[in-house]
Amino acid sequence: MANTSSRSSLLLVAIICISLAVAAARNKLYQTDNVQESIAIPFTGANDSICKSMVEELGYVCQEHKVTTEDGYILGIQRIPVGRSGKRADKPPVLLQHGLFSDSVIWLFNSPKESLAFILADNGYDVWLANSRGTKSSLQHNSLAPNDPAYWEWSWDELAAYDLPATFKYVHDQTGQKLHYAAHSLGTLIALAAFSQDKLVNMLRSAALLSPIAHLDHMASQLARIAAEDFLAEDLYWLGLREFVPKGQEAAKLLEKICSEPGIDCSNLLTAFTGTNCCVNSSRINVYLAHEPQPTATKNMIHLAQMIRAGSIAKYDYGNEEGNMNHYGQPSPPVYNMTAVPNDLPLHLSYGGKDTLSDVKDVQALLDDLKDHHVDKLVVQYRDDYAHADFIMGVNANQVVYDPLMAFFSQH
């Protein structure tokens, strides 16, 4: 019993520490040899707006926008309407959607020649950066404050049902054009969920999905799987922790504690969580740490854990027939049917052989769901050396991922 209690305590620490993977850099836990020598990038700090701290000082025009979801969350959106040359965008709008524990800054970390948002702007696209509820730019609500537990009563179901449609419609209405969509990780899941219900596609030209998340049956991330199988997010929820805060002084102490336990390899915690990233630019880690990781809802963590355990892509499970009946009118949560994604929707999927979150077998299961997709509407790219973070922070992603992505956009 004592061993079980000790292990449970350790695993409870683990779930809090998962999102601190990159923060381990401060204690030499983050190790990579990929230091890219590039131009100096001004950085004024995380307390400024994203436009001011990450975009304008590099010579780009940047606008801050707001949109309100149907359930009252006020989301921040950044727009880079022109490249550094000042030439007005002559290509369609592109909406970039971040993944879990991040915000739109994830697309801006590296130099302008290495960051997707800047690359798109300099190539004539009208770039829009989404920020999901709960992140720094999207903490407002019509009636709730972030310190209100009710503010955090959501999972990725709500991101797919409310945040993404509100952002899509805003960009579409502001530009008067259909848009391209590019997303990473959780941003791909919420899009696929919406597409499977035939939502948003009337405003969409094409979608590029980097490290696509749908099926999670084979997730190889040891930390994520342990947390899911031991119901640790559920424990946090019932302890009253509705907001999952991935960084802070107490969490740092817990990180140090877990790394001292036998059997836990903290030589590179990022690797333990995401896989061995080949090409992440370690010279930008301090900028990353100033902005990320961002909080999320504990309920969102529970939902992802449910997917890992159940091996299905379904809505949030309220744990009993009564709860599900109250929310869905049926005893079990409805399933998102990936085979219902319109087979004429242009899709570009890019995934990596070292990614332990978007596992190769799980991506193949998604591709099996898309087996009836029109051949000329589906492009699949596989990078054997890439893991989860390489797709957004890799020093060579501009050539091996973003160039093919833009070639795909240009065809649609």
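Residues of segment 94-112 that are surrounded by fewer than 24 Cβ atoms within 10 Å (Cβ to Cβ) and either more than 15 Å from the chain's Cα centre (by Cα) or part of a helix (DSSP H, G or I) (or both): S111, P112. Of the residues making up segment 303-358, those that are under 30 Å from Q381 (Cβ atoms) and of a type in the set (G, A, S) are A305, A310, G311, S312, A314, A340, S350, G352, G353, S358. Kindly indicate whether S137 is modelled with pLDDT of 95 or more, among the small types (G, A, S), crowded, with 24+ Cβ neighbours inside 10 Å and part of a loop (DSSP other than H, G, I, E, B). No.
Of everything in segment 281-311 that is touching a helix residue (DSSP H, G or I) at 6+ places or on another chain (Cβ under 7 Å) and hydroxyl-bearing (S, T, Y), the residue that is surrounded by the fewest Cβ atoms within 10 Å (Cβ to Cβ) is Y288. In the set V55, V82, V67, only one residue is over 21 Å from the mean Cα position of the chain (by Cα) and either among the aliphatic types (A, V, I, L, M) or modelled with pLDDT of 95 or more (or both); that residue is V82. Among the residues making up segment 368-384, those that are more than 19 Å from L96 (Cα to Cα) and over 20 Å from the mean Cα position of the chain (by Cα) are D368, D369, L370, K371, D372, H373, H374, V375, D376, K377, L378, D384. Filter segment 312-367 down to the residues that are touching a Lys or Arg at 6+ places or on another chain (Cβ under 6 Å) and surrounded by fewer than 18 Cβ atoms within 10 Å (Cβ to Cβ), then identify the one that is nearest to L179 (Cα to Cα). So, considering only residues that are touching a Lys or Arg at 6+ places or on another chain (Cβ under 6 Å) and surrounded by fewer than 18 Cβ atoms within 10 Å (Cβ to Cβ), the one nearest to L179 (Cα to Cα) is D344.
For the subset of segment 192-243 comprising residues that are at pLDDT 90 or above, more than 18 Å from the chain's Cα centre (by Cα) and of a type in the set (D, E), which member is farthest from D376 (Cα to Cα)? Selected residue: E234.
For segment 141-173, residues that are of a type in the set (S, T, N, Q), surrounded by fewer than 17 Cβ atoms within 10 Å (Cβ to Cβ) and in contact (Cβ under 8 Å) with a residue 60 or more places away in the chain total 2.
The combined condition, being among the hydrophobic types (A, V, I, L, M, F, W, C), under 23 Å from Y382 (Cβ atoms) and under 20 Å from the mean Cα position of the chain (by Cα), is fulfilled by A182.
Among residues of segment 318-345 that are under 27 Å from T298 (Cβ atoms), those with a Cβ under 9 angstrom from a residue that is assigned to a helix (DSSP H, G or I) and at pLDDT below 95, sequence gap 6+ or separate chain, pair up as G319/E234.
The values are calculated or read from the model by the stated rules, or taken from the named source; none is laboratory data. Source: prediction; values computed, not measured. Quick reminder, even Gly has a Cβ in these numbers, built from the backbone with ideal geometry, and neighbours come from all protein chains shown.
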